[in-house]
Amino acid sequence: MNAGRNLAAAAPLIRIRALSRAYRRGTQTIPVLQGVDLDVQRAEFIALMGPSGSGKSTLLNLIAGIDKPDGGRIEIAGVDIAQLGEGELADWRAAHVGFIFQFYNLLPVLSAAENVELPLLLAPLTRRERHEHVASALAMVRLTDRADHYPNELSGGQQQRVAIARALVTDPQLIVADEPTGDLDRVTGAEILALLGDLHRRLGKTIVMVTHDPKAAACAERLVHLEKGVLVDGPAAGGH
Amino acid sequence: MLLLRLLLKNCLRHRLRSLLTLVGLVVAISAFGLLRTLVDAWYAGVEASASTRLVTRNAISLTFTLPLSYAERIRGVAGVSGLSWANWFGGVYITERNFFPQFAVDPESYLALYPEYGLADDQKQAFLRDRQGAIVGRKLADKFGWKVGDQIPLRGTIYPGTWTFPLRGIYDGAEPSTDEQQMFFHWKYLRESARKRAGPGSSDTVGVFIVGIDDASEAAAISQRIDALFRNSLAETLTETEKAFQLSFVSMSEAILVAIEAVSLIIIVIIMAVMANTMAMTARERLAEYATLRVLGFTPAFVSRLLIAESLLIAIAGGLAGVAATFPLAALVGRATGTLFAVFQVSHLTVGLQLLAALVIGGVASAWPAWRISRLDIVSGLRQVA
């Protein structure tokens, strides 16, 4: 029993093998990812870097289960998500992934608390339980006092913190972040990265972050470089 | 609750656009309701007819009369339980614009066959006693401000001369569809006055016989028996149910009715197209939000339902406002058309059809954009933000 448990603990959370993805434009096929192999351990914080068009966002989307590969396998916690149907994939995302976007993607007609509550509607929770989870997630990102504010009443940094609270509120194993500081100034970006690093350390979340910014990448434990859809060895990240 | 809030807030997001769509819906639904009411008003006589009454008229045309002597023979037909008769008078009250139907009837037998004309006992007795007296419906009395005891002067068109009738009673309809815009007076008064004017040579003739029967399912057989009595006579008869008799009038204007019904449907189709455009714009603007909801784990069907629900919510709000607006509008039109229609009332069926039309508009308008967003590629949707 113990040996099995240790084996499970040692297995990577994300296991990608021979992953390929191409886009079709008319009769043209443009390969974006070609035979990517990648392992990400549990509670690891990795940064995906690479020039524009290298395929890093595509890889992130595939890991998050919002895109489908043309070939290869993506196993997350032992589940090959490439084989899941539309409905199963939606359920899987709701339970296992928190997504942080570059432009926050908050619903403008809902308050900060309501935005954070949205993913919980898919969980079997009472209204009171949902509100408790929302309060706790907003406290984690230090936005309790802004719970009733609408996105247009919040700064970019505050909106991103709401988005992080929304990604965390369902307590997913995996957080994926697509250029989370891309739309923020340097100081606010640093605050967001510090928050991500803190959440990673305190909650032990596995984080996969796409970034252009070497300073942002330095917050990760490991850097993964992509060039023309292929993984290349890169310098080690700063780690913690 | 959160989803309901999201729906409501989404509906009010572009206030001007939502308001204009709502105004369009109110106009379309109330216009649809008004036109339906107009068609209903046309058929009001048909609706008010009883299945236990038959009408016997001259087989050639309604403009040809029948001898009163037929009455006794019709009364003897098996299945006939009552008989009365009436003549169309066609008088003018002050001016032709004040048109209303006037009938010379045999009062006792006529009122017995039409229990839906509710007349107070004292007024009924006064009417029966006074051979020159007349009764009118409540709406007609209200329209011209007539009270019991007033003298009603009519200029005869079929029966020339000026005729004056003392008003002996005002009847109230038992049903909303009962015609309260008619006038009845004594057939005997008409016959005697006509004799005086035309000379003793004029015979006793009636426009139609109204035949009362006990068993509605026997209507066809009794009609045949009555008509068989007068076959090959100088005045052959045509007997039909009161409903069929009323429908024969409506059928004269059937082309107009079909046109009105077509226009009412076209209005619905137009607002459907307008609203479909609104919902398509809404869906296009919110692609990134729908994609975000999908990322969070909401299914394509859920996101589509969100859009359909928003469309239905706007349509139902417009539909309810349209229904509410129809009643005062119908009252206005009813007043403007005067005595042209016996009844001009918005029916329950019309209200039901208006609400159904609103639901269909909401559903159809959102069908295409909902289908599009159900097939939304999440990655492409997210790019809309950038």
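Restricting to the protein assembly as shown, compute how many DSSP beta bridges are antiparallel as a %, nearest 5. Don't skip to the end; give the middle numbers.
Values: 51 of 76 bridges.
Close to 65 percent.
Each label was represented as a point 7 Å from its Cα along the Cα-to-Cβ direction; for B:Arg138 and A:Glu86 these points are 5.9 nm apart. Beta bridges assigned by DSSP with both partners in chain B are antiparallel in approximately 80 percent of cases. Equivalent-ellipsoid semi-axes for the protein assembly as shown (Cα gyration tensor, √(5λ), whole Å, largest first): 85, 24, 19. Taking label positions 7 Å along the Cα-Cβ direction at both A:Ala11 and B:Thr337, the computed distance is 7.7 nm, reported to one decimal.
Amide H contacts of B:Ser81: B:Gly212, B:Ile213, B:Asp214, each under 5 Å away and 5 or more positions distant or on a separate chain (H built 1.01 Å from N in the peptide plane; Pro and chain starts excluded). Using R0 = 51 Å, the C-beta based FRET efficiency linking B:Ile60 and B:Val351 works out to 0.75. Within the straight-line cut-off of under 23 Å between alpha carbons, the lysines reachable from A:Lys56 are A:Lys68, A:Lys205, A:Lys215, A:Lys228, sequence neighbours fewer than 8 places apart in one chain being disregarded. Using only side-chain charges placed at the Cβ, +1 for Lys and Arg and -1 for Asp and Glu, the dipole size of chain B relative to its Cα centre rounds to 1440 debye.
How crowded by other chains is A:101-112, given as the mean number of beta carbons from other chains within 10 Å of each beta carbon?
On the way: counts 7, 3, 5, 2, 9, 2, 8, 5, 10, 5, 1, 0.
Taking the mean over all residues of the peptide, I get 5.
Each helix, a run of at least 4 DSSP H residues, gives -39500 (n - 2.57); summed and divided by the residues of chain B, these come to -18500 deg cm²/dmol at 222 nm. Look at the alpha carbon pairs under 8 Å that are at least 6 residues apart: their mean separation over the length of chain B gives a relative contact order of 29 percent.
Placing R0 at 35 angstrom, the Cβ-Cβ distance between A:Ala139 and A:Arg24 gives a FRET efficiency of 0.15 after rounding to 0.05.
Contact order for segment B:60-235, expressed relative to its length and based on alpha carbon pairs under 8 Å spaced 6+ residues apart, stands at 34 percent. Exposure proxy ranking for A:Cys219, B:Cys11, based on other Cβ atoms within 10 angstrom of each Cβ and starting from the fewest, stands as B:Cys11, A:Cys219. Counting only alpha carbon atoms, the long axis of helix B:348-374 and the longest principal axis of chain B meet at about 20°.
The residue list B:Ile316, B:Val263, B:Gln182 was ranked by how far each Cα lies along the charge dipole of chain B toward its positive end, using unit charges on Cβ atoms, and B:Ile316 comes out on top. Each other residue within a Cβ distance under 15 Å of B:Leu62 adds +1 if Lys or Arg and -1 if Asp or Glu, for a net charge of -2.
Under 13 Å from the Cβ of B:Phe165, count the other residues' Cβ atoms, weight Lys and Arg +1, Asp and Glu -1, and hand me the total.
On the way: positive: B:Arg131, B:Arg155, B:Arg168; negative: B:Asp130, B:Asp150.
Taking every Cβ under 13 Å from that of B:Phe165, the sum is +1.
Cross-link partners of B:Lys143 among aspartates and glutamates, defined as those whose alpha carbon lies under 17 angstrom from its own and excluding same-chain residues fewer than eight positions apart: B:Glu96, B:Asp172, B:Asp179, B:Glu180.
Quick note: the coordinates plus some simple rules give every number you see, no bench work behind them. What you are looking at is a predicted structure, and each value in this text was computed from that prediction instead of being measured. No Cβ is skipped: glycine too gets one built from the backbone with ideal geometry, and neighbour counts run over all protein chains shown.
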